[in-house]
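Colleague: One structure, pasted below without further comment.
No lab work stands behind these numbers, since they all come straight from the coordinates. Not measured: the values here are computed from a predicted model. Ideal geometry is used to build each Cβ from the backbone, glycine not excepted, and the neighbour counts take in all protein chains shown.
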Amino acid sequence: MLVRFKLLEAGANRAQLRAKVFGGGCLFDSLREPNSRKGQHIGSRNVEIALEILAKAQIPVVSTTVGVDRGQRIVFRTDTGDAVIKIL
């Protein structure tokens, strides 16, 4: 929520805010909960929380690339809103 307030303070138009969500993978098996399914780990919980926060802030999520269990390089173009993701 802090980011939204900072954006609004900087003059952003609230009606034009959109979100793209990245990450949420688990690179290390040691970080998975014992006896859990593959999708149950801290990364997946982080994504769930991020989506809840965005929903409460009424910021629409226009794309998600989550749950990739490898490193990613993300280049986000602030001038166009485009994101290029490279799986490492």
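Colleague: Which residues' amide hydrogens lie under 5 Å from the amide hydrogen of V61, considering only partners 5 or more residues apart or on another chain, with H built in the peptide plane?
Modeller: Distant-sequence amide H within range of V61: A19.
Colleague: Per-residue counts of other Cβ atoms within 10 Å, averaged by peptide: what ranking do you get for 17-27, 52-62, 71-81, highest first?
Modeller: So the peptides 17-27, 52-62, 71-81, ranked by packing, come out 17-27, 52-62, 71-81.
Colleague: Using each residue's phi in the range 70-81, evaluate 6.51 cos²θ - 1.76 cosθ + 1.60 at θ = phi - 60° and report the 3J(HN,Hα) Karplus result to the nearest Hz, with x for Gly and Pro.
Modeller: Values per residue, Gly and Pro as x: 9, x, 9, 10, 10, 10, 10, 8, 5, 6, 10, x Hz.
Colleague: Using amide H atoms built in the peptide plane, which far-off residues or other-chain residues are under 5 Å from Q72 H to H?
Modeller: Correct list: L88.
Colleague: Could you run the Karplus curve 6.51 cos²θ - 1.76 cosθ + 1.60 with θ = phi - 60° over the range 57-66 and give me ³J(HN,Hα) per residue in whole Hz, x for Gly and Pro?
Modeller: Result, ordered by residue: 7, 6, 9, x, 8, 9, 6, 9, 9, 10 Hz.
Colleague: If you don't mind, there's one more thing I want to ask. Would you pull out the residues with amide H under 5 Å of G24's amide H, same chain only if 5 or more places away, H placed 1.01 Å from N?
Modeller: Under 5 Å from the amide H of G24 lie the amide H atoms of G67, each far enough along the sequence or on another chain.
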